Amino acid sequence: MSFYESVFVNVGIMIIIAQGVYVITGLTGLFSLGQSSFVAVGAYTAGFLATRFEMHPLLCILAGIVVSILVSFIIGIPSLRLRHVYFSLATIAYCYALQAILTVSETFGGSIGLVGVPVVTRWWHVVLGVVATVWIVRNFKLSRFGLACLSVRTDELAARTYGIQTFVSKQIAFSLASAISGLAGGLLAFNLGYLSPDMFTVPVSSEYLIMVFFGGLYSQTGAVLGAAALTVLMELLRTTAAWRMIAYSTIILIIILVRPNGLFGTWEFSLDSLNPRRRAKHGLAKGGEGV
Amino acid sequence: MNTSTDTMLEVKDLSKQFGGLVAVDHMCFSVDPQQIVGIIGPNGAGKTTVFNLISGIIPPTSGKILLDGNCITSQSCHQVAMLGMRRTFQEIHLFRGLTVLQNVKSAAYRQMDYSLVDALLWSRRLRSEERAITELAMELLDRFDLAGTAHERADSLPYGMQKRLEIVKAIVSSPKVLLLDEPAAGLNPGETIELMELIHKIREEMDMTILIIEHSMEVIEGICDNVIVMNFGKKLAEGSWEEVQTNEEVIRCYLGVD
C-alpha cells in the first residue's frame with residue numbers, strides 16, 4: 001500500500017468516526033469522551049476473530065459492529081440517565097475501564113496488544129464504508145428519530161410533552177454512534193495489523209470531538225470535512241516533527257476563535273443548494289436545516 | 001375505572017406538597033368534552049403546578065387524575081402525551097435553531113409509525129409518512145398564518161408568532177385535551193384578540209377540550225365556559241365568569257374592588 005493510499009484510508013476511517021461523534025454529540029447533544037472505546041470494541045472484536053479463528057474480514061467487522069452495539073446498549077442503561085457533564089464523566093470512566101481490561105487481558109494481548117491481524121483494508125473498502133455511513137447518518141438525521149434527537153438536545157422537557165421518550169432517543173443515538181465507531185474500529189484493525197490499548201484513550205476521544213467541533217458541531221458536512229482536513233493536516237505536519245502538536249493546536253485554536261461554530265456552522269451540503277431555482281422554492285437559503 | 005364519556009378530564013382530591021409547602025391542596029374539578037375552562041388566581045396559587053401534575057411532569061402527593069376515563073395519575077409525561085394530552089408552557093419552549101416546519105414535525109413524532117430500519121434505509125414507507133406529516137404541518141401552519149415562515153428558524157420569529165407556533169405544535173396531533181399556560185402573556189391587544197379567535201377555532205374545528213391559565217380577564221371572559229378560581233392551592237370558587245366575578249371571596253382575594 002502506497003503512502004497516499006494509507007493516508008487516504010486513515011482519512012476515511014476518521015470521517016467514519018466523526019460521523020458517530022456527530023450523531024451522539026452534534027444531533028443529541030451528549031458530550032461523549034468515550035467514543036474511542038467503541039472504536040476499540042469494534043477493532044478488538046474484529047482483530048480477535050481474525051487472528052484466533054481466521055474468519056473472513058467482512059464477518060469480523062460485522063461482528064465488531066454487533067458487539068459495539070451490545071456494549072453501548074448496556075453502558076447506555078445507567079449512563080444515559082445522567083445529564084450534561086455527568087454523562088461526559090461517565091464516558092471517561094468507561095473509557096478508562098475498558099483500557100484497563102484490555103491491558104490486563106491475556107486473550108487480547110495485554111499491554112503489548114493484539115498482533116498479526118492481516119492488513120487487508122484497501123481504499124475502496126473505506127470509500128464504501130464512508131459512503132454507507134454518511135448516507136445512513138443523513139437518513140437518520142432527517143427521519144423522525146433524528147428530529148427527536150434534535151428536540152431532546154434543544155429542550156428535553158418540551159420533547160417529553162410531545163410524547164418523545166428522551167431516554168429511548170438517546171439510547172438509539174448512542175447505539176447508532178457506537179455501531180459506526182465499531183465499523184471504523186474494524187477497518188482500523190485490518191488497516192494497521194496490530195492493536196494496543198493505548199490507541200483508544202480518552203485524549204484520542206477528545207481528538208475525535210475536536211474534529212467535529214472544527215467542522216461545525218451541528219453540521220454533518222462539517223463533521224466529514226473537519227475530520228478530513230485535520231487528518232490531512234496532521235500528515236502534512238509530520239515534517240515538523242516535535243512542533244507537530246503545537247502547530248496542530250495553534251491552527252485549531254485560530255479557526256475556533258475566528259469561527260466559533262466551526263468551519264461550517266450549521267450549513268449542510270445538499271443537491272438542492274446547487275440549484276438556485278429549487279433553493280428559492282424550498283427557502284433553503286434562509287434557515288439552516290441541521291440545527 | 002370511570003367509563004363515562006361526559007367527563008373528559010377529572011381531577012379528584014389532587015394534592016402536591018413540596019417539603020412543607022402545600023402547593024396544591026385537595027383540588028377537585030372536572031371538565032366536559034369540548035369545554036373551555038379557565039383557571040385564574042393570584043401568583044403562587046398553584047395553577048401551573050396543577051398543569052404540571054395533570055401533564056405528568058411531576059407526580060402528585062395524593063389524589064387521582066382521569067383523562068377520558070383512563071387513570072393517568074403518576075404516569076410519566078410522554079405516557080400522558082400518548083393518551084392525548086398536550087400542553088404549552090408559560091415561557092416559550094420552542095426547539096430553538098430548528099426551523100418552524102421541523103418544530104411542528106417533531107411535535108408530530110407520535111403521528112409517524114415507521115421503524116428505525118425504515119429510517120436508516122430511507123424506505124418508501126418513511127417517505128410516504130414523512131410526506132403526509134409535512135402536508136399536515138404545512139396545512140396547519142397555513143391555517144394559523146405561519147406558512148410563510150415554515151423554513152425560518154423558530155427562534156427568529158417575533159414573540160407573538162412564537163406563541164402561536166407553540167399552540168400549533170400542541171394541536172398538530174389532535175389531542176383530546178389541550179392545556180394552555182398563560183397564552184396571552186406578553187401579547188399586545190390585537191394579538192390577544194387573534195389568540196381568542198384561534199382558541200375558539202381550535203375548539204370548534206378540532207373538537208378539543210381546553211384548559212387555560214390566564215391573567216387577562218378579557219380572555220377569560222371572552223372564551224371560557226367555566227372558570228375555576230384558585231388561592232393558596234385550594235379551589236376558591238367555580239362557575240361561569242358571571243358567577244365568579246361577583247363572588248365576594250374572589251373579589252377580595254384576586255379581582256380586587258374598583
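The values are calculated or read from the model by the stated rules, or taken from the named source; none is laboratory data. What you see is a predicted model, and the numbers here were worked out from it, not measured in a lab. Every residue, glycine among them, receives a Cβ derived from its backbone with ideal geometry; neighbour counts consider all protein chains shown. What goes into the accessible areas is simple: the full protein's heavy atoms, side chains included, and nothing from ligands, DNA or RNA. Shrake-Rupley method; radii C 1.70, N 1.55, O 1.52, S 1.80 Å.
Considering segment A:139-169, the residues that are basic (Lys, Arg) and in contact with a Phe, Trp or Tyr (Cβ under 9 Å, 6 or more places away or on another chain) include one that is nearest to A:GLN19 (Cα to Cα), namely A:LYS141.
Within segment A:161-204, being free of Cβ contacts under 8 Å to residues at least 40 places away in the same chain, outside any helix (DSSP H, G or I) and open to solvent by 10 Å² or more (accessible area, probe 1.4 Å) holds for one residue alone: A:GLN165.
Residues are listed down the side, and each one gets a yes or a no for (1) free of Cβ contacts under 8 Å to residues at least 60 places away in the same chain; (2) open to solvent by less than 10 Å² (accessible area, probe 1.4 Å); (3) assigned to a helix (DSSP H, G or I):
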| residue | (1), (2), (3) |
| --- | --- |
| B:GLY148 | yes, no, yes |
| B:LEU195 | yes, no, yes |
| B:LEU236 | no, no, no |
| B:GLN245 | yes, no, yes |
| B:VAL250 | yes, yes, yes |
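In segment B:65-91, what residues are in contact with a helix residue (DSSP H, G or I) (Cβ under 8 Å, 6 or more places away or on another chain), part of a loop (DSSP other than H, G, I, E, B) and in contact (Cβ under 8 Å) with a residue 40 or more places away in the chain? Correct list: B:THR88, B:PHE89, B:GLN90.
Listed by first and then second residue, the pairs linking a residue in segment A:102-127 that is free of Cβ contacts under 8 Å to residues at least 40 places away in the same chain to a residue that is loosely packed, with under 13 Cβ neighbours inside 10 Å and of a type in the set (A, V, I, L, M, F, W, C), with Cβ atoms under 9 Å apart and 6 or more places separating them unless they lie on different chains, are A:GLY110/A:VAL104.
Here A:THR133, A:THR231, A:THR221, A:THR239 are screened, and the one residue that is away from chain B (no Cβ under 14 Å), farther than 30 Å from A:ILE112 by Cα, in a helix (DSSP H, G or I) and β-branched (Val, Ile, Thr) is A:THR221. Here is the figure for segment B:68-99: residues that are in contact with a strand residue (DSSP E or B) (Cβ under 8 Å, 6 or more places away or on another chain) and farther than 14 Å from A:VAL152 by Cα total 14. Checked across segment B:32-50, the condition of being of a type outside the set (Gly, Ala, Ser), open to solvent by 10 Å² or more (accessible area, probe 1.4 Å), within 14 Å of chain A (Cβ to nearest Cβ) and assigned to a loop (DSSP other than H, G, I, E, B) holds for no residue.
Okay, residues lined up against (1) more than 19 Å from B:ILE54 (Cα to Cα); (2) facing another protein chain (nearest Cβ under 8 Å); (3) open to solvent by less than 10 Å² (accessible area, probe 1.4 Å):
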residue	(1), (2), (3)
B:THR73	no, no, no
B:CYS77	no, yes, yes
B:MET85	no, no, yes
B:GLN90	no, no, no
B:PHE95	yes, yes, yes
B:LEU98	yes, yes, yes
B:ASN103	yes, no, yes
B:GLN111	yes, no, no
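Summed over segment A:136-156, residues that are more than 9 Å from every other protein chain (Cβ to nearest Cβ) and either within 28 Å of A:ARG52 (Cα to Cα) or surrounded by fewer than 20 Cβ atoms within 10 Å (Cβ to Cβ) (or both) total 1.
Candidates are the residues of segment B:154-165 that are touching a helix residue (DSSP H, G or I) at 6+ places or on another chain (Cβ under 8 Å) and within 13 Å of chain A (Cβ to nearest Cβ); the one that is surrounded by the most Cβ atoms within 10 Å (Cβ to Cβ) is B:ALA154.
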